[in-house]
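See below for the structure under consideration.
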Amino acid sequence: MKQRNESKRRIFGAIDRVRAPRRRRAAAVAEALESRMLLSISWVNKGVSTGDDNDRFDLAFGTLAGQARNVVQAAIDFWSRSINSFNYGDGGDNVYQMKIQMNELPFPAGSTLGASAGFYAERNGKPSKGSMGIGWLFGAPQGGNNAAGYFLDPTPYESSEFQGKFDDAFVREKTADLGGPDLFSITLHELGHAMGLASNSQTEAQSIDTEYPDTVNTPASEPPSTLWLYDNGNGSLWTEYNSGGGGQGTPANAAGPSHFAPAGTSAVRLGVTYHGADALMNATVTSRSIISDIEMDAARRVYGYTTTPPSYYGTTYGQLDNDGKLRIDTTSLSNS
């Protein structure tokens, strides 16, 4: 189990970095969320500007702090719409409490951006409270939809800026240069760790170390990372690899299923070959991705959540833009 002490609390999660764009990610939304949303994840310090709970968005994003908060809230809503109930079973509410802050100090100019998240409290063995720290760049240009080194999607519930090459039904590349990594995708990924998709006693109990090496994620961790298989009926392949976050982070071995295994990895178990893929929970984030059905199913099987498959709300093949335009894209069929 990977354990990390943060703010004198035990955190089960992961630290991630953002890699310069290569081939990856995209996203889609099939319908507006606001009218369908059930409160299941509460950003408890949203907009707090003083004290220990200061979200520090004003510090990092300046005049675009409100737009950045909207991006993060959209990522929260994406998880909330698919986790219908945490099934805590203790007679209490169905609310996961999430504290999200920009890091107190920025990364030096030119650093690789990164973030970290995890959960530090449970109810009946299910994550119930989590925290996230998001790195930001010192002296990064601010203007348009960019600040602190990030692209701040002005319409984060849809993905009209991500109409590039398909990777799969949940991953698509950006249409053009956006001036920085996508804050939405980074936050969505880190929330996955806070929801429990990380190396811990629960995930390790329902997966197995295949002992096949992860030769795709680089630079290699020490000791070298291997691939883990959820053999509980889910069948997805994960890696021990943890990128170490941005700035001066060092890759590490999380000793359990920490991130979705990248495309190009594979492992054989009982005569069946399992493959990695481009996915939201890969160790590095380069563009945009939405939660895949198999990632949500992994959380459901491990923790007993009641969930709705994310594809119910749309995939990269069909999306409703903010201006009411419905995109039904069949170009991916020629790539399959």
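For the reader, a short list of remarks on this structure follows.
- Some residue of the range 265-276 being of a type in the set (D, E, K, R), at pLDDT 75 or above and out of contact with any helix residue (DSSP H, G or I) (no Cβ under 7 Å at 6 or more places or on another chain): yes
To keep it simple, each residue is scored yes or no on (1) under 16 Å from ALA65 (Cα atoms); (2) in contact (Cβ under 8 Å) with a residue 60 or more places away in the chain; (3) aromatic (Phe, Trp, Tyr); (4) in contact with a helix residue (DSSP H, G or I) (Cβ under 8 Å, 6 or more places away or on another chain).
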position: PRO156; (1), (2), (3), (4): yes, yes, no, yes
position: ALA169; (1), (2), (3), (4): no, yes, no, yes
position: LYS174; (1), (2), (3), (4): no, yes, no, no
position: LEU183; (1), (2), (3), (4): yes, yes, no, yes
position: MET195; (1), (2), (3), (4): no, yes, no, yes
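- Scanning the range 207-230 for residues that are surrounded by fewer than 17 Cβ atoms within 10 Å (Cβ to Cβ), under 21 Å from LEU270 (Cα atoms) and polar (S, T, N, Q) yields no hits at all.
- Every condition in (1) of a type outside the set (S, T, N, Q); (2) touching a residue at least 60 places away in the same chain (Cβ under 8 Å); (3) touching a Pro at 6+ places or on another chain (Cβ under 9 Å); (4) not in a strand (DSSP E or B) is met by GLY139 except one, and the failing one is (2).
- For the range 228-249, residues that are of a type outside the set (Gly, Ala, Ser), over 24 Å from ILE186 (Cβ atoms) and free of Cβ contacts under 8 Å to residues at least 60 places away in the same chain total 2.
- When GLY66 is tested against the conditions (1) within 14 Å of GLY47 (Cβ to Cβ); (2) among the small types (Gly, Ala, Ser); (3) touching a residue at least 60 places away in the same chain (Cβ under 8 Å), the lone failure is (3).
- If you go through the range 32-53 and keep only what is polar (S, T, N, Q), within 21 Å of the chain's Cα centre (by Cα) and modelled with pLDDT of 95 or more, you end up with SER42, ASN45.
- Single condition LEU105 does not satisfy, out of (1) touching a helix residue (DSSP H, G or I) at 6+ places or on another chain (Cβ under 7 Å); (2) in a loop (DSSP other than H, G, I, E, B); (3) at pLDDT 95 or above: (1)
- Lone qualifier among GLU122, GLU104 - being touching a Lys or Arg at 6+ places or on another chain (Cβ under 9 Å), acidic (Asp, Glu), under 25 Å from SER201 (Cβ atoms) and surrounded by fewer than 18 Cβ atoms within 10 Å (Cβ to Cβ): GLU122
- Looking only at residues in the range 242-271 that are over 15 Å from the mean Cα position of the chain (by Cα) and outside any loop (DSSP other than H, G, I, E, B), the one that is surrounded by the fewest Cβ atoms within 10 Å (Cβ to Cβ) is VAL268.
- Among (1) within 23 Å of ASP168 (Cα to Cα); (2) at pLDDT 95 or above; (3) of a type in the set (Val, Ile, Thr), the one test that THR218 misses: (2)
- Considering the range 279-289, the residues that are at pLDDT below 95 and in a loop (DSSP other than H, G, I, E, B) include one that is farthest from PHE162 (Cα to Cα), namely THR286.
- Just one of the listed residues (ARG301, ARG288) is closer than 23 Å to SER199 by Cα, touching a residue at least 12 places away in the same chain (Cβ under 8 Å) and not hydroxyl-bearing (Ser, Thr, Tyr), and it is ARG301.
- Within the range 267-285, the set of residues being of a type in the set (A, V, I, L, M, F, W, C) and touching a residue at least 60 places away in the same chain (Cβ under 8 Å) comprises ALA277, ALA279, LEU280, MET281, ALA283, VAL285.
The values are calculated or read from the model by the stated rules, or taken from the named source; none is laboratory data. Keep in mind that this is a model prediction, so the values were computed, not measured. Virtual Cβ from ideal backbone geometry, glycine too; neighbours counted across all protein chains shown.
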